[in-house]
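Every read-out reported here was derived from the displayed coordinates using simple, explicitly stated rules and does not represent laboratory data. Note that the structure is predicted; figures quoted are calculated from it, not measured. Note: ideal-geometry Cβ built from the backbone for every residue, glycine included; neighbour counts use all protein chains shown.
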C-alpha cells in the first residue's frame with residue numbers, strides 16, 4: 001500500500017485480556033519495527049524484523065509480549081494477560097532495509113494503535 | 001546498547017526566533033541520525049537526517065550538525081513559525097548484520113508563540 005497501516009486504531013481491553021495489533025508495512029519494505037510510545041514519551045524500541053526473521057526482540061518488556069511476521073509482510077504484536085502499564089500507543093514502522101544505502105534505513109511510521117487497559 | 005539523551009524537554013520561543021535541540025548518543029558505532037516531528041495525535045514524520053560521514057546538513061530553515069568525536073548532534077530551526085510547534089525526536093541508528101536498529105530520544109516539545 002501507499003503507507004504503513006495499523007489496526008485497530010483504538011483498543012480498550014480489560015486487565016487480563018489478550019490483544020493482537022496488526023501492522024501492514026509498505027509493499028517491498030524488508031524491515032519492520034515495533035515501538036511503544038507512552039504519553040509524553042519518545043518511541044521505545046520493542047522488536048524488529050528483517051523479512052520474516054526477528055533479529056532483535058530485546059525491547060519486549062516481558063514474556064507476555066510476542067511479535068511475528070510469518071510471511072515477511074504483515075506483522076502482529078500480541079500482548080497476553082494485559083496489564084494497566086501496557087497502556088500506550090504501539091507504533092509500527094517499516095523501511096527498505098538492507099545495507100546502509102541512501103534511504104534504506106529511513107523509517108516510515110503507521111498511525112499507531114492506542115491501547116487502553118482498564 | 002545505544003542510549004540517546006535529548007535536551008531540553010520543553011522549549012518555548014517567539015515567532016521568528018531560532019530554536020536549538022541537542023542530543024547525545026552512547027554507541028560510537030551509530031552511523032545514521034534522523035530527526036522526526038510529531039504533531040499532536042499524529043505519527044512521527046521524518047524532517048531531516050544526517051549520516052556519520054557528514055558534519056552538517058541543511059534543508060531550508062532546518063539544519064543538523066553532527067560531532068562524532070563528542071557523540072552529539074543538534075537540530076537548528078531558524079525563523080520559527082507557529083506551525084513548527086510540535087514534539088521533535090532525535091534518534092541514532094546502528095547498522096548491524098542484516099539490518100539496523102533506531103533508538104529515539106525522549107523528545108522536545110517546541111512551542112512557537114505568535
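Relative contact order of chain A, please, whole-number percent, based on alpha carbon pairs below 8 angstrom and at least 6 residues apart. Working shown, then result.
On the way: 308 pairs, mean separation 41.9, N = 118.
Relative contact order of chain A: 35 percent.
Using only the alpha carbons, work out the radius of gyration and Dmax of the protein assembly as shown in angstrom.
17.6, 51
Peptides A:68-75, A:11-18, B:53-60: what's the order by average Cβ count within 10 Å, highest mean first? Please report the intermediate quantities before stating the final value.
Numbers: A:68-75: 15.6, A:11-18: 12.8, B:53-60: 11.2.
The densest-packed peptide leads the list: A:68-75, A:11-18, B:53-60.
For residue B:29 and residue A:118, what does the FRET efficiency come to when R0 = 35 Å and r is the distance between their Cβ atoms, rounded to the nearest 0.05?
Details: r = 42 Å, r/R0 = 1.21.
Here the calculated transfer efficiency is 0.25.
If R0 is 30 Å, what FRET efficiency do you get for residue B:17 and residue A:39 from their C-beta distance, rounded to 0.05?
Values: r = 28 Å, r/R0 = 0.94.
Efficiency computed from Cβ-Cβ geometry: 0.60.
Can you tell me the FRET efficiency between residue B:56 and residue A:18 if r is taken as the Cβ-Cβ distance and R0 is 35 Å, rounded to the nearest 0.05?
Working: r = 49 Å, r/R0 = 1.39.
Efficiency, from the Cβ-Cβ distance: 0.10.
Cα centroids of segment A:20-60 and segment B:1-64: how far apart, whole angstrom?
21 Å
For chain B, report the % of Cα-Cα distances exceeding 21 Å.
On the way: 2082 of 6441 pairs.
The answer is 32 percent, as a whole percent.
Find the all-direction average of the projected area of the Cα convex hull for chain A, expressing the result in square nanometres with one decimal place. Working shown, then result.
Numbers: hull surface 27.9 nm².
If you wrap the Cα atoms of chain A in a convex hull and average its projections, you get 7.0 nm².
Which of rounded, prolate, oblate describes segment B:27-69, given a ≥ b ≥ c as roots of the alpha-carbon gyration tensor eigenvalues and a/c under 1.5 marking rounded, otherwise prolate only if a/b is larger than b/c? Show your work: numbers first, answer last.
Numbers: a/c = 3.34, a/b = 1.61, b/c = 2.07.
Verdict is oblate for segment B:27-69.
Averaged over its residues, how many other protein chain Cβ atoms are within 10 Å of peptide B:99-111's Cβ atoms?
Working: counts 17, 14, 10, 11, 6, 8, 2, 5, 5, 1, 1, 0, 0.
Rounded to a whole number, the mean comes out at 6.
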